[in-house]
Amino acid sequence: MAKQASIQLKNLTKEYVTHEGTGTFLAVDHINVDIASGQFVTLLGPSGCGKTTTLRMIAGFEGISDGEILLDGVRINELTPDKRDSSMVFQSYALFPHYDVFDNVGYGLVNKKMDKKTIETKVMNMLDLVGLKGMEHRMPNQLSGGQQQRVALARALVMEPAVLLFDEPLSNLDAKLRVYMRTEIRKIQQRIGITSVYVTHDQSEAMALSDKVIIMNGGHIEQVGSPTEIYQYPATHFVADFIGSANFVPAKVKSVSSQGKKLESKAGPGMEIGTAVVEMFGQEFTSKCIQGELASGDEVEVVIRPEAIELADDGDVKAEVTSSTYMGQMQDYVVQVDGHELVTQTYNPSSKKVYNPGDTVYLRIQRDSLHAIKK
Amino acid sequence: MGKLGTYISNQIKTTRNTFRDPIIATVAVGMVLALFVFVVWPLLMVVKQSFTDLDGNFSLQAYVNIVTMSETYQALVNTLMLAIIVGVLATSVGFLFAYCSSHLAIKGKKLFNLMALLPMVSPPFSVALSIIMLFGSRGLVTYSLLGWSNTNIYGLKGLIFVQTISYFPIAFLLLAGMLQSIDPSIEDAARDLGSSKWRTFSSVTIPLVRPGIANAFLLVFIKSVADFANPMAIGGNFSTLATQVYLQAIGSYDVQGGAAVAVVLLDIAIILFILSKYWIEKKTYITVTGKASRERTMIDDPQIVGLVGGFCFLVTAIVLAIYILIPIASFIKMWGVDYSFTTAHYKYALEVGMDAIKDTTLLSIIATPIAGILGMIIAYLVVRKKFIGRGFINFSSLLSIAVPGTVIGIGYILTFNEPPLQLTGTAAILIAAFVIRALPIGIRAGESSLQQIDPSIEEAAADLGSNASRVFTTVTLPLIKSAFFGGLIYSFIRSMTSISAVIFLVSANYSLLTVLILDQVEDNQFGVASAFSTILILIVYVAIIVIKLMLNRLGSNPQKSQA
């Protein structure tokens, strides 16, 4: 079992000097994050949201403008990267091109002044773990992308750090390998139980890997939650839009129920979910919402995921099909309702009726998939 | 005020962050100090001296003299005229070579690259010496073959010839790099849109390298202005600023006058350097990506190939003949009179010059690793670290490319003649001059190879527990190894062949080979001069081989094996 450590970011801030050198802007703006021991946490967001800067501050490559980083409750702001008990897997792998696989993986252990025997045992065990046995004398340029990725992972893991950091490690791999490698990473992380912080802009990677996802935008945190929470109960328009695709329909709250249900997940104690009755398309619908967020009379947006809308010859809401695209595993539609455009997806279209542009259809909206957020 | 305030506080923040690492902080401060003491301070002393009269009071007399004293004024006019003519000629010849090597289907182009290296590895007087032996009053061509008597190669025409031959390779290498990195599909597009070969050349190729042409001109111009050896050897009565500095300061013991001339020379060089560095280099359209998109289809039109290629091979033949003449002449009894074989010149050279040979070699051997390592450290700091003083390091180290050697030489005399740093007459001052003169190229090579290395490789090493010096020695240095050894070779050659700065600094204790060669050339002792030059070339080649062997023993270059 690896060492496990918790990480706390308190008011962590990174101020950059603008290009001309006379101004500043906040790349990371007073964020607070708690990462429990052994958790796999993803920093997710579009480029420029501050996720990589945050990770590089944890690793020690970026200076900290304000706030602090605690590792197991101990402030580590002042430690240079070589003194921090964290190891990073780089986006470009950053393998040492002049060392073979063995020396790459053993590099950090030499810094720890371990004897040759120990290093050899540890390196070989690690290569075994990541599936590179027999490749220890290959040079990095003789390896495929996926193999280089494994060396980078092994090199970080062999240090037995308290925290493992990943900077978009899969972005240089092709789509199939990416999916395979992310499963591998998750498996290895689960096996040794190491605390991990993972940066990505790919939401499916974040969903597949994480106990907890932190969605960042413009240096701020938009939402922290389990993959289920951020998808089903997005806190903001940005989150709903960034994770998957979503229709936003304006609505008005008629009433709010007082009882909420508390979610529990590996992310820790989660949010409390309530229900509200909203008026949308001139009809009343029951929608989920974050408990305490809404009051009756509020103008809200209802988030409807495309897969929650079914097209049929009869149903709740009348609509007109404006586009219909065959995608193989599904049929994509765009329909018009009361001047609103909605996107819908019907899976396995070969077994269903397919509508064409101009057709009049009825929408069947899955009631428990609606989620209302403040406008 | 507000803006300046935030600027300063931002700079301080960044510096404090970088200097969290004590090793980086110590080295950076050390570099700033060293460059200040050995580059900036001497130049300031030259400027100060030029404004001081014999009693130590402020005076503009020296500047008045430049304009009123006809010989100095003439030197200024001569220098600029020579530089413009040589700039145009060398750039034109260099461009033809570059175009030939990048665009024409000709065999044997590798010969051009080999030839372009010759001026770099040769003693400073080689070309002048050969030209005198070929075209002088007792020249092989002019006197022995054509039977002309009283031909005078000394002066402007000799200098134009010698400098053009010496400096066109600079323009060639610079322009060849640029022409090669033009994406061939841009030229193909022009052809596809109906341009003739000529219109493609004039409307696409030339405009794309125009900044490079301007830059090549300026570099040659700077070289010509700074040139000391050739005007001394073949200038005759045609004096230039660089020689004037020496003749006034050392010949006439007028250090103040020499300093004033040196300031003028310094101004010209710095203005041109800044122009080249910050104006022209910014205008470049071509970005060198390192990825060759596609092979260029070479032009095989027999007329173009015949004309341009023929010219280039003719020039190459002349250049090779010029350099081969030196070792040959070292075995000829009396050039122009008695062409029989002798080894007497070597006997004499070894008798008179043994100390100089030993001193020059030893001092160069000491200076070489210092320059090589400092160059890599400075390149690393400039490319990878941000701190106050980084701009200073970058500028002052590159400044020493632009500053003519004679200016550095007179600056060193003025600065290190008295406490706090009394170094004149010691080996230290010669080594310092060698290092400072050799540094810039090492830095440039280091910088460009560092820029090709992903910084996260170094970050990975730090992340895995290496401190700054271990990151540098285990990761950075091995990856820029070839640049490092290239820098070593260059530093050694540069030290062995330097003359313009060190001629001010030689003393009874230490004499240098190049200074002896100059004495022999001035005395028309061509045989002995050739013997010394040949010995110098041999030492340089032995050193190159030794350094290459060291590189090979350290394993093959990882960047090359990355196919």
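The values are calculated or read from the model by the stated rules, or taken from the named source; none is laboratory data. Only a predicted model underlies this, so the values are computations on that prediction, with no experimental measurement involved. Please note: Cβ atoms are built from the backbone with ideal geometry, for glycine as well, and neighbour counts cover all protein chains shown. To get the accessible areas, we keep the full protein, side chains included, count just its heavy atoms, and leave off ligands, DNA and RNA. Shrake-Rupley method; radii C 1.70, N 1.55, O 1.52, S 1.80 Å.
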Notebook entry, point to check: For the protein assembly as shown, what is the convex hull volume of the alpha-carbon atoms per residue, in Å³?
Noted result: 235
Check: Mean separation of Cα pairs under 8 Å and 6+ residues apart, divided by the residue count of the range A:7-231: what relative contact order is that in percent?
Finding: 29
Next item on the list: Working with all protein chains in place, sort A:His220, B:His345 by solvent-accessible area computed with a 1.4 Å probe, largest first.
Entry: A:His220, B:His345
Margin query: Going 7 Å from the Cα of B:Phe313 along its beta-carbon direction, which residues of the range B:69-112 have the amide nitrogen within less than 13 Å of the resulting point?
Written below: B:105-112
Check: How many nm separate the modelled label positions at B:Tyr63 and B:Ile12, each set 7 Å beyond the Cα in the direction of the Cβ?
Finding: 3.7
Check: Which value at 222 nm does the protein assembly as shown reach when only helices count, each DSSP H run of 4 or more adding -39,500 (n - 2.57), with the total divided by all residues and rounded to the nearest 500 deg cm²/dmol?
Finding: -16000 deg cm²/dmol
Note to self: Relative contact order for chain A: what percent, with Cα pairs under 8 Å and sequence separation of 6 or more?
What the structure shows: 15
Checklist line | Top of A:Ser351, A:Ser144, A:Ser324 by mean-square fluctuation, Gaussian network on chain A, Cα under 10 Å | finding: A:Ser351
Next item on the list: Could you calculate, for the range A:264-320, the ratio of the Cα radius of gyration to the Kirkwood radius, expressed as Rg to Rh?
Entry: 1.06
Check: Rounded to the nearest 0.05, what FRET efficiency is calculated for B:Met81 and B:Arg20 with R0 set to 56 Å and r the Cβ-Cβ distance?
Finding: 0.55
Item checked: At R0 = 51 Å, FRET efficiency that the Cβ-Cβ distance of B:Ala427 and B:Arg199 yields, to 0.05 -> 0.25
Item checked: Extension gain from B:Asp53 to B:Val37, taking 0.36 nm per residue of separation minus the Cα-Cα distance -> 3.3 nm
Next item on the list: Could you tell me what fraction of 2.2 N^0.38 Å the Cα radius of gyration of the range B:73-329 comes to, as a two-decimal ratio?
Entry: 1.13
Next item on the list: Please get the size of the charge dipole for the protein assembly as shown, origin at its Cα centre, with Cβ charges of +1 on Lys and Arg and -1 on Asp and Glu, quoted in debye to the nearest 20.
Entry: 1880
Checklist line | chain A - share of DSSP beta bridges that are antiparallel (%, nearest 5) | finding: 80
Check: Where both residues lie in the protein assembly as shown, what percent of DSSP beta bridges are antiparallel, nearest 5?
Finding: 80
Next item on the list: For the range B:9-53 and the range B:168-184, write down the distance between their C-alpha centroids in whole Å.
Entry: 35
Note to self: Quick check for me: using +1 on Lys/Arg Cβ and -1 on Asp/Glu Cβ, what's the dipole size of the range B:429-490 about its Cα centre, in debye to the nearest 20?
What the structure shows: 360
Next item on the list: Find which of B:Ile547, B:Ala433, A:Ser210 sits farthest along the positive direction of the dipole of the protein assembly as shown, computed with +1 on the beta-carbon of Lys and Arg, -1 on that of Asp and Glu, about the Cα centre.
Entry: B:Ile547
Next item on the list: Report the FRET efficiency, 1/(1 + (r/R0)^6), for A:Gln366 and A:Asn172, where r is their Cβ-Cβ distance and R0 is 35 Å, rounded to 0.05.
Entry: 0.35
Notebook entry, point to check: Tally Lys and Arg at +1 and Asp and Glu at -1 over the other residues with C-beta under 15 Å from the C-beta of B:Trp148: what net charge comes out?
Noted result: +2
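From the convex hull of the Cα coordinates of the range A:232-374, what is the mean projected area in square nanometres?
Values: hull surface 37.0 nm².
Averaging across all directions leaves 9.2 nm² for the Cα convex hull.
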Next item on the list: For A:Gln142 paired with B:Ser144, estimate the spin-label separation in nm (one decimal), with each label point 7 Å from Cα along the Cα-to-Cβ line.
Entry: 5.8
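Counting only C-alpha contacts under 8 Å and six or more residues apart, can you give the relative contact order of chain B as a whole percent?
21
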Note to self: Can you tally the net charge around B:Asn78? Count Lys and Arg as +1, Asp and Glu as -1, for every other residue whose Cβ sits under 15 Å from the Cβ of B:Asn78.
What the structure shows: -1
Margin query: I'd like the projected area of the range B:402-542, averaged over all directions, using the convex hull of its alpha carbons. Report it in nm² with one decimal.
Written below: 11.3
Notebook entry, point to check: Comparing A:Val158, A:Val199, A:Val28, which has the greatest mean-square fluctuation in the GNM of chain A with Cα pairs linked when under 10 Å apart?
Noted result: A:Val158
Check: So for the pair A:Gln259, A:Met114, with labels modelled 7 Å out along Cα→Cβ, what separation do we get in nm?
Finding: 5.6
Check: If a helix is a whole DSSP H run, which ones in chain B reach 18 Å or further along their own axis (Cα) and hold a mean Kyte-Doolittle hydropathy of at least -1.0?
Finding: B:2-18, B:22-35, B:70-103, B:156-180, B:206-226, B:255-274, B:310-329, B:344-384, B:390-402, B:427-451, B:481-497, B:526-553
Check: Which value in Å is the Kirkwood Rh of chain B over different Cα pairs?
Finding: 25.5
Notebook entry, point to check: When all protein chains stay in place, what accessible area (Å², nearest 10, 1.4 Å probe) is found for A:Asp82?
Noted result: 30
Notebook entry, point to check: To the nearest 10 square angstrom, what accessible area does A:Ser350 show with a 1.4 Å probe?
Noted result: 100
Checklist line | Alpha-carbon centroid distance for the pair the range A:132-202 / the range A:18-62, whole angstrom | finding: 21
Margin query: Probe of 1.4 angstrom, ligands and nucleic acids ignored: what's the accessible area per residue over chain B, in square angstrom?
Written below: 44
Next item on the list: Just order B:482-492, A:183-193, A:236-246, B:508-518 by mean Cβ neighbour count inside 10 Å, highest at the front, would you?
Entry: B:482-492, B:508-518, A:236-246, A:183-193
Checklist line | 10 Å Cβ neighbours from other chains, averaged over peptide A:84-95 | finding: 4
Margin query: Going by Cα centres, the range B:473-539 and the range B:375-409 are how many Å apart?
Written below: 22
Check: Can you work out ³J(HN,Hα) from phi for every residue in the range A:93-98, in order, using Karplus 6.51 cos²θ - 1.76 cosθ + 1.60 and θ = phi - 60°, giving whole Hz and x for Gly and Pro?
Finding: 6, 6, 6, 6, x, 9
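Rounded to the nearest 20 Debye, what is the dipole magnitude of the range A:1-107 about its Cα centre when Lys and Arg each give +1 and Asp and Glu each give -1 at the C-beta?
200
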